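The values are calculated or read from the model by the stated rules, or taken from the named source; none is laboratory data. Everything quoted here is computed from the prediction, not taken from an experiment. Every residue, glycine among them, receives a Cβ derived from its backbone with ideal geometry; neighbour counts consider all protein chains shown. Just the protein is used for accessible areas: all its heavy atoms, side chains included, with ligands, DNA and RNA removed. Shrake-Rupley method; radii C 1.70, N 1.55, O 1.52, S 1.80 Å.
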Amino acid sequence: MDPGSSSISKGSDLIHDYSCSKCEESDLNTEAQLFCPECEHYLCDKCVRIHGEYFKKHVVYGRGDIQKWERFSMDRCDQHGYKLEVHCDDHQELCCHTCVALNHRLCSSISHLPELARGFLEKAEFKQLPEAVDKMRSRLDELKNAAKMKDQASLKDSYKNILAEIKALRKEFDQILDKLEQKTVEQLDSMMTDSENGLKNDIETCSHMSDLLKTMMDKLKQITGKNQETNCYVGHRKCQTKLIEAKNLVHEIQGKPEEALCFTSDSSIMPFFRNLHMFGTTERVSSMAK
């Protein structure tokens, strides 16, 4: 026996966290020191040398890389990694020694797997298993392929439809904003026109009054003849009256406040837009499979 291994009868009570897969075939219970992921075999120091002669390119991992030992194993506990040894009849569960110690100490019926499996290879449920697995795999493949075709197409269609809705919503927002802008500008234009017309009227009134005073003075200077004195008196009185009107006009125009256009935005608009994070929300919805 190799000094680096400790092979004993498989029926021994000695329990290893990982036992050598090749030794188990010879009904020996030897602690594994290495693991070959390609063969999916746990190996003791003796068996790894034989393995290396046949599979020179296989990489094996020692105890220092035990995290790489984890694999799917038919005969090991998924939870604890130890070899499955018994069946809890109360819970209908396959158990390793740790499962029994932690969860099944009080169970009333525990069966040893070799005894439970005796004659199982000839039972109909075992012989029918490959066909049942093949049928299920075929069904899964059908669903997978259908999902690839249907679900991807459906997702793409829903994506395009939602994207079109978002674009349409943005277009509607733009149209609303355009109308708001148009009405606001129309109000501005109206007020600008009113202000310009007021200034134009004042300018025209001043020009008309100035021209009228000049005309009156020109005519007053041209008065001659035997009624010159009377006509000059009348002209003077009319000029005085017109000067009073001009003076009142000057006071009126000077008394008008200087106008400037001022814009105040609707205070509710910007907070509303700033508080928006998106146009809406997109959610995943489930539909019943047909």
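With the biggest extent put first, the Cα atoms of the range 31-185 measure 92, 42, 36 Å across the principal axes.
Note on the range 220-279: semi-axes of the ellipsoid equivalent to its C-alpha gyration tensor, largest first and rounded to whole Å, are 66, 9, 6.
I'd like the distance separating the alpha-carbon centroids of the range 183-204 and the range 66-139, in whole Å. Between the Cα centre of the range 183-204 and that of the range 66-139, the gap is 93 Å. Ordered from highest to lowest accessible area with the whole protein assembly present and a 1.4 Å probe, 80, 112, 208 read as 208, 112, 80.
Each of the peptides 225-231, 273-279 was scored by the mean count of other Cβ atoms within 10 Å over its residues; in descending order, highest first, they stand as 225-231, 273-279. Over all Cα atoms in the range 133-290, the spread is summed up by Rg and Dmax: 39.9, 140 Å.
Which aspartates and glutamates have a Cα lying under 16 Å from the Cα of residue 123, excluding residues fewer than 8 positions away in the same chain? Partners found: 115, 131. Distant-in-sequence amide contacts of residue 41, defined by a placed amide H-H separation under 5 Å and a gap of 5 or more residues or a different chain, comprise 36. Note on the range 148-290: with charges restricted to the Cβ of Lys and Arg (+1) and Asp and Glu (-1), its dipole about the Cα centre is near 360 debye. Treating r as the C-beta distance of residue 89 and residue 142 and R0 as 30 Å, the FRET efficiency rounds to 0.25.
Accessible area per residue (1.4 Å probe, heavy atoms of protein chains only) ranks 28, 261 as 261, 28, with the largest value leading. For residue 20, the residues whose amide H sits under 5 Å from its own are 30, 31, 32, ignoring neighbours fewer than 5 places away on the same chain, with H placed 1.01 Å from N.
Our estimate of slack between residue 207 and residue 233, defined as 0.36 nm per intervening residue step minus the Cα-Cα distance, is 6.8 nm. Its convex hull of Cα atoms gives the range 45-102 a direction-averaged projected area, equal to a quarter of the hull surface, of 5.5 nm². The residue list 99, 64, 86 was ranked by how far each Cα lies along the charge dipole of the range 64-152 toward its positive end, using unit charges on Cβ atoms, and 64 comes out on top. The Cys residues in the chain with no partner Cys Cβ within less than 4.7 Å of their Cβ are 47, 88, 107, 206, 232, 239, 262. Rg/Rh for the range 23-78 stands at 0.94; both radii use Cα atoms, and Rh follows the Kirkwood definition. By the compact-protein rule of thumb, 2.2 N^0.38 Å, the alpha-carbon radius of gyration of the chain corresponds to a ratio of 2.76. Placing R0 at 30 angstrom, the Cβ-Cβ distance between residue 185 and residue 163 gives a FRET efficiency of 0.40 after rounding to 0.05. Note on the chain: helix-only mean residue ellipticity at 222 nm, from DSSP H runs of 4+ residues weighted -39500 (n - 2.57) and normalised by residue number, equals -17500 deg cm²/dmol.
What the range 45-191 shows is 82 Å² of accessible area per residue, with the surface traced by a 1.4 Å probe over protein heavy atoms. Projecting the Cα atoms of 129, 28, 163 onto the charge dipole of the range 12-165, computed from C-beta unit charges around the Cα centre, puts 163 farthest toward the positive end. Each distinct pair of alpha carbons in the range 99-156 adds a 1/r term; the inverse of their mean, the Kirkwood radius, is 15.6 Å.
If you sort 195, 154 by accessible surface, 1.4 Å probe, largest first, the order is 154, 195. With 0.36 nm allotted per residue and the present C-alpha distance subtracted, the residue 264-residue 112 stretch has 45.9 nm of extension available.
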